[in-house]
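**Q** Please see the structure below; I have some questions.
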Amino acid sequence: MSELQIDVVDLLREQFPNGSHPLVNRHTGESLRRNIEEKLLQSPQATIAYLDFSRVEVIDFSCADEVVAKLVARLVGGEYGDRYIVLQNISESHKENIEVALERKRLAVLGKQKGADWEILGVLNNYLRETLDFVVKQCEVTARQMAEILHIELNTSGTRLLNLYKARLVVREERTMSPAGRQFVYRPILSSPA
């Protein structure tokens, strides 16, 4: 996996060099999102983009919706290929507006607050949260392994893992595994909480 570090404030300063830099209003958010998208699409496939909010003082709902929720919606819609997004160094005030924007679109993304473990922001069903926790604990797993360990149907484990991958909350890669042939292996984007 490749990594792409994006400092949100630096990117905002590139756009608006003579102004202040709060993340407020839809126009600012749209401009910022387009620049993030450009950087994301220039990165190789299988890239994790870390959006760093450490120097962001304020993000209002309309900007959170434009930057985070629309990015995640397009990510889940497949517009960015096999790439992933993680929000870093978010504060409680950032989290509030970001979560509302994600919840309204029924989306989820991984986030990490300053000095805390990663968490799921937005909306994710309980069974998918449990599946994500399982993948993190296993470090990597196939649908067959998950079905055997959890004593669930193979199609249930496969569907859950596929849904996490479609939400870009886990990484999926195809491997040749003898004697079973080719299988998908699922891995966490981020390791278990530190």
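The values are calculated or read from the model by the stated rules, or taken from the named source; none is laboratory data. If you're wondering where the values come from, they're calculated on a predicted model, not measured in any experiment. Note: ideal-geometry Cβ built from the backbone for every residue, glycine included; neighbour counts use all protein chains shown.
**Q** Given the conditions (1) in contact (Cβ under 8 Å) with a residue 40 or more places away in the chain; (2) surrounded by 14 or more Cβ atoms within 10 Å (Cβ to Cβ); (3) acidic (Asp, Glu), report the number of the one that Glu3 does not fulfil.
**A** Checking Glu3 against (1) in contact (Cβ under 8 Å) with a residue 40 or more places away in the chain; (2) surrounded by 14 or more Cβ atoms within 10 Å (Cβ to Cβ); (3) acidic (Asp, Glu), the one that fails is (2).
**Q** All but one of (1) aliphatic (A, V, I, L, M); (2) over 19 Å from Gln5 (Cα atoms); (3) under 14 Å from the mean Cα position of the chain (by Cα); (4) assigned by TED's automatic domain parsing to the domain that holds Arg34 hold for Val58; state the number of the condition that does not hold.
**A** For Val58, the exception is condition (3).
**Q** Condition (residue is touching a helix residue (DSSP H, G or I) at 6+ places or on another chain (Cβ under 8 Å), within 16 Å of Val9 (Cα to Cα) and either in contact (Cβ under 8 Å) with a residue 60 or more places away in the chain or aliphatic (A, V, I, L, M) (or both)) applied to region 110-124: is it met by at least one residue?
**A** The answer is no; no qualifying residue exists.
**Q** Is it the case that Glu96 is more than 20 Å from Asp60 (Cβ to Cβ), acidic (Asp, Glu) and exposed (fewer than 15 other Cβ atoms within 10 Å of the Cβ)?
**A** Working: more than 20 Å from Asp60 (Cβ to Cβ): no; acidic (Asp, Glu): yes; exposed (fewer than 15 other Cβ atoms within 10 Å of the Cβ): yes.
Considered against the rule, which asks whether it is more than 20 Å from Asp60 (Cβ to Cβ), acidic (Asp, Glu) and exposed (fewer than 15 other Cβ atoms within 10 Å of the Cβ), Glu96 comes out as no.
**Q** Looking only at region 118-131, count how many residues are loosely packed, with under 15 Cβ neighbours inside 10 Å, assigned to a helix (DSSP H, G or I) and of a type in the set (S, T, N, Q).
**A** 1
**Q** Taking only region 132-149 into account, find how many residues are over 18 Å from the mean Cα position of the chain (by Cα), among the aliphatic types (A, V, I, L, M) and either surrounded by 14 or more Cβ atoms within 10 Å (Cβ to Cβ) or not assigned by TED's automatic domain parsing to the domain that holds Tyr165 (or both).
**A** Matching residues across region 132-149 total 4.
**Q** Still on this structure: With (1) surrounded by 14 or more Cβ atoms within 10 Å (Cβ to Cβ); (2) closer than 20 Å to Val76 by Cα; (3) of a type in the set (Ser, Thr, Tyr) as the list, and Thr156 as the residue in question, which single condition is left unmet?
**A** If we test Thr156 against (1) surrounded by 14 or more Cβ atoms within 10 Å (Cβ to Cβ); (2) closer than 20 Å to Val76 by Cα; (3) of a type in the set (Ser, Thr, Tyr), just (2) comes out false.
**Q** Looking at Pro44, Pro17, can you tell me which residue is in contact with a strand residue (DSSP E or B) (Cβ under 7 Å, 6 or more places away or on another chain), in a loop (DSSP other than H, G, I, E, B) and either at pLDDT 90 or above or over 20 Å from Leu164 (Cβ atoms) (or both)?
**A** Pro44
**Q** Can you confirm whether Glu173 is part of a strand (DSSP E or B) and in the same structural domain as Asp82 (by TED's automatic domain parsing)?
**A** no
**Q** Starting from region 74-89, keep only residues that are surrounded by fewer than 18 Cβ atoms within 10 Å (Cβ to Cβ), then list their pairs with residues that are assigned to a loop (DSSP other than H, G, I, E, B) and hydroxyl-bearing (Ser, Thr, Tyr) whose Cβ atoms are within a distance under 7 Å, requiring at least 6 positions of separation or different chains.
**A** Arg74/Tyr80
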